[in-house]
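K.L.:
There's a structure below that I have some questions on.
The values are calculated or read from the model by the stated rules, or taken from the named source; none is laboratory data. Just so we're clear, the structure is a prediction, and the values are computed from it rather than from any experiment. Positions of Cβ are generated from backbone atoms using ideal geometry, with glycine treated the same way; all protein chains shown enter the neighbour counts. In case anyone asks, the SASA skips ligands and DNA or RNA and just uses the protein heavy atoms, side chains included. Shrake-Rupley method; radii C 1.70, N 1.55, O 1.52, S 1.80 Å.
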Amino acid sequence: PEERASKTRRVSAHRLLAGDVHGMIHTCSVPVEELSSGWNSRGSPPLPLQFAAPLKAHGREKVHQILELAGVLTSVGGDGNLVKYSDAPEGLVVTGISKVPGELNSLHAVLSGGATPVLAAFRTTDFVVWDTGANLERWRTSCGGSRRPFDVVAHEHGEISFAFASRDQVTIRGEGPGPAVLRAASCNATGKTSGTSVNAVAVVTGADGVVHTVAGCEDTTVRAFAGLSLSAGQVADFHTGAVKAVCSCAGRPGVVVSAGARSEVNCYQLDAGVLHRLWGRALALGASEDVGAEIRIMGIAAHASEGGMFLAAATSAGTTVLFRDRPVGWSLQTPLAAVPAAALCVGFLDLADGLAVAVGHTDGEIICWGVPSGDHEAGPFAVGSAICDVASGVRGTVMDVDARGGLTVRWEDGAEEAKSAADVRALEVTPQAQALKHWTAHDFGANCLASSDAFGCPVVVSGGDDGGLSAATIGQDAVEVRRRPLAHNSSIRSLSFAGTHLATIGWDRRLRVWSLDWSQPAASIDHCLLEQVVSPTEPNSLSVFPAEDRSFHCVVAGRGVEVWKCRVEPEGAV
């Protein structure tokens with residue numbers, strides 16, 4: 001036939017199959033007698049091949065591959081179908097056609113066989129790895145707007161190369177998961193969040209002792225899922241803007257805090273799967289002097305100690321706002337000093353100097369600030385003192401002090417007000433935080449951080465926009481930083497300690513578990529124990545919850561929520 005064959009496969013000693021660009025499967029008989037009589041390709045005339053009538057298999061779309069799956073002859077094509085055949089003496093017979101879900105417009109290769117194969121495919125201009133058993137997408141990468149997907153090949157060791165073309169340019173990329181990676185872990189559940197993006201997730205033990213998953217969403221809601229099964233739960237809608245961060249607080253069962261894009265902070269008590277709001281506040285952060293844009297909360301953390309419960313909110317202006325739980329309620333304690341770069345993430349840690357707050361910035365710097373141990377003080381007031389209105393929690397700065405004890409105060413919104421000596425009783429001096437340590441962790445923004453003191457010394461691990469990880473061991477006199485570049489192929493969005501291991505998630509949609517080397521005086525990130533492709537696109541958040549028998553759950557959130565269960569073997573395998 002005058003057709004250009006796309007794939008061929010020898011199915012027996014007597015028959016050859018060829019798939020063409022028009023979706024047809026051709027079969028031809030091979031003259032075995034002449035082959036065995038010493039025919040060779042050099043100098044010999046072409047062998048006469050007897051073609052049977054072609055079989056229409058994939059509409060008018062190209063046949064991409066012919067192979068055996070679980071002993072059954074199968075073809076995959078550009079129409080997104082898997083077609084199964086039986087090789088009868090009278091010719092090829094179609095025994096089944098199955099449409100792969102997921103709106104795949106072109107199937108190209110089977111990466112791992114069995115009853116539920118894993119497929120390499122294209123969806124519009126995106127390259128996709130699709131698990132037919134779980135009916136979900138394992139991995140995806142964009143080939144770029146006008147570029148046309150071209151072809152895929154799966155290599156022996158599990159890597160994938162795929163090509164896509166744009167006009168006269170063809171690009172070949174060699175990346176992607178292989179069959180060994182896809183079998184490394186099992187997916188417990190995938191949660192739907194009504195099509196909205198999930199910006200942050202936290203695993204929380206409620207006041208009743210039951211574990212829940214709490215997600216902060218782009219549609220202004222905070223959602224509580226029952227347990228780790230991600231079954232539908234309560235939806236709390238107290239924010240007027242997107243919810244950018246959520247966190248729980250160890251030592252305070254059931255306490256959940258959410259922060260929104262419009263400088264809103266809400267605190268909840270999670271009990272029996274219901275989020276009861278304890279309080280809410282919109283911070284008057286003002287606008288950035290550089291661009292005039294609204295200052296936003298970028299990250300939030302909570303910490304409970306003998307001195308009470310603290311909240312720290314990192315802002316786009318470079319400041320970190322600190323709250324403290326007082327007998328009369330929650331009040332603003334201090335704004336930590338501003339730095340030129342916006343703050344992206346925040347976390348608490350215990351140092352020899354006391355409780356500290358680690359803040360990551362867009363320039364890759366991490367600064368540790370000491371948390372003031374004292375309460376607000378009644379005075380004395382001096383020019384330049386940071387003060388707080390006891391009733392409202394509004395911050396200000398003393399601009400002038402008169403002889404009678406009155407003050408001129410400039411509030412955080414820029415307005416100035418004269419306070420008489422009697423009015424001063426309602427004001428308190430805000431203790432000022434001191435920068436204790438700082439170090440350069442990344443070439444670009446420090447997006448996320450986590451701390452641990454389980455190994456005898458404080459260690460802060462961070463992930464950055466440069467795709468690298470950084471481990472900083474904080475000593476009494478110095479900070480020793482060890483970096484692991486290119487830990488992910490894209491920006492690292494979130495990380496969390498899992499016992500003595502570290503779990504990370506990046507925008508390359510890879511969940512990775514790392515071994516940390518504690519044998520040296522300073523901690524370092526040793527090697528990757530597990531790489532798993534997750535289903536949610538644009539994953540922004542990761543929360544880890546321990547399970548039984550050296551296992552832990554990883555909750556990943558992006559456009560959807562997914563839970564993975566990992567188990568650490570004694571020899572270090574996951």
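K.L.:
Which one is nearest to LEU278 (Cα to Cα) among residues in the stretch 351-365 that are modelled with pLDDT under 85 and small (Gly, Ala, Ser)?
P.N.:
GLY354
K.L.:
Restricting attention to the stretch 509-528, which residues are over 15 Å from TRP564 (Cα atoms) and in contact with a strand residue (DSSP E or B) (Cβ under 8 Å, 6 or more places away or on another chain)?
P.N.:
TRP514, SER515, LEU516, ASP517, PRO521, ALA522, ALA523, SER524, ILE525, ASP526, HIS527, CYS528
K.L.:
Hey, could you check the stretch 466-491 for residues that are out of contact with any Lys or Arg (no Cβ under 9 Å at 6 or more places or on another chain), over 24 Å from ALA356 (Cα atoms) and without any contact (Cβ under 8 Å) to a residue 60 or more places away in the chain and say which is most open to solvent (accessible area, probe 1.4 Å)?
P.N.:
LEU486
K.L.:
If the requirement is being touching a residue at least 12 places away in the same chain (Cβ under 8 Å), surrounded by 15 or more Cβ atoms within 10 Å (Cβ to Cβ), more than 25 Å from ASP465 (Cα to Cα) and not charged (D, E, K, R), which of these qualifies: VAL534, VAL561, VAL568? Don't jump to the end; show me each part of the working.
P.N.:
Numbers: VAL534 fails: more than 25 Å from ASP465 (Cα to Cα); VAL561 fails: more than 25 Å from ASP465 (Cα to Cα).
After applying the criteria, what remains is VAL568.
K.L.:
Please determine whether any residue of the stretch 396-407 is hydroxyl-bearing (Ser, Thr, Tyr), open to solvent by 30 Å² or more (accessible area, probe 1.4 Å), assigned to a strand (DSSP E or B) and modelled with pLDDT of 75 or more.
P.N.:
yes
K.L.:
If you don't mind, there's one more thing I want to ask. What are the residues in the stretch 502-531 that are open to solvent by 10 Å² or more (accessible area, probe 1.4 Å), at pLDDT below 80 and in a loop (DSSP other than H, G, I, E, B), if any?
P.N.:
TRP518, SER519, GLN520, PRO521
K.L.:
Another question about this same structure. Considering only residues of the stretch 250-262 that are under 23 Å from the mean Cα position of the chain (by Cα) and open to solvent by less than 10 Å² (accessible area, probe 1.4 Å), which is farthest from GLU218 (Cα to Cα)?
P.N.:
VAL256
K.L.:
Return yes when PHE497 is touching an Asp or Glu at 6+ places or on another chain (Cβ under 6 Å) and within 26 Å of VAL198 (Cβ to Cβ) and no when it is not.
P.N.:
No; evaluated as a whole, the condition is false for this residue.
Residue-by-condition table, conditions (1) closer than 30 Å to ILE474 by Cα; (2) modelled with pLDDT of 85 or more; (3) of a type in the set (A, V, I, L, M, F, W, C); (4) surrounded by 14 or more Cβ atoms within 10 Å (Cβ to Cβ):
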{"position": "PHE323", "(1), (2), (3), (4)": "yes, no, yes, yes"}
{"position": "ALA337", "(1), (2), (3), (4)": "yes, no, yes, yes"}
{"position": "LEU349", "(1), (2), (3), (4)": "yes, yes, yes, yes"}
{"position": "ILE367", "(1), (2), (3), (4)": "yes, yes, yes, yes"}
{"position": "HIS376", "(1), (2), (3), (4)": "yes, no, no, yes"}
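K.L.:
Which of the residues belonging to the stretch 283-320 are modelled with pLDDT under 80 and either open to solvent by less than 40 Å² (accessible area, probe 1.4 Å) or among the small types (Gly, Ala, Ser) (or both)? Show your work before the answer.
P.N.:
So the first thing to find is which residues in the stretch 283-320 are modelled with pLDDT under 80, and the list is 283-295, 305-308.
Correct list: LEU283, ALA284, LEU285, GLY286, ALA287, SER288, GLY292, ALA293, ILE295, SER305, GLY307, GLY308.
K.L.:
Yes or no: the stretch 432-439 includes at least one residue that is open to solvent by less than 30 Å² (accessible area, probe 1.4 Å) and at pLDDT 90 or above.
P.N.:
Looking for residues that are open to solvent by less than 30 Å² (accessible area, probe 1.4 Å) and at pLDDT 90 or above, one finds at least one in the stretch 432-439, hence yes.
K.L.:
Could you pull out the residue among VAL83, VAL118, VAL93, VAL76 that is among the hydrophobic types (A, V, I, L, M, F, W, C), open to solvent by 20 Å² or more (accessible area, probe 1.4 Å) and at pLDDT 70 or above? Please lay out each step first, then the result.
P.N.:
Details: VAL83 fails: open to solvent by 20 Å² or more (accessible area, probe 1.4 Å); VAL118 fails: open to solvent by 20 Å² or more (accessible area, probe 1.4 Å); VAL76 fails: open to solvent by 20 Å² or more (accessible area, probe 1.4 Å).
Step by step, each of VAL83, VAL118, VAL93, VAL76 is checked, and only VAL93 is among the hydrophobic types (A, V, I, L, M, F, W, C), open to solvent by 20 Å² or more (accessible area, probe 1.4 Å) and at pLDDT 70 or above.
K.L.:
Can you pull out the residues in the stretch 295-322 that are touching a Cys at 6+ places or on another chain (Cβ under 8 Å) and of a type in the set (Gly, Ala, Ser)?
P.N.:
Passing the criteria: GLY299, ALA301, ALA302, ALA304, ALA314.
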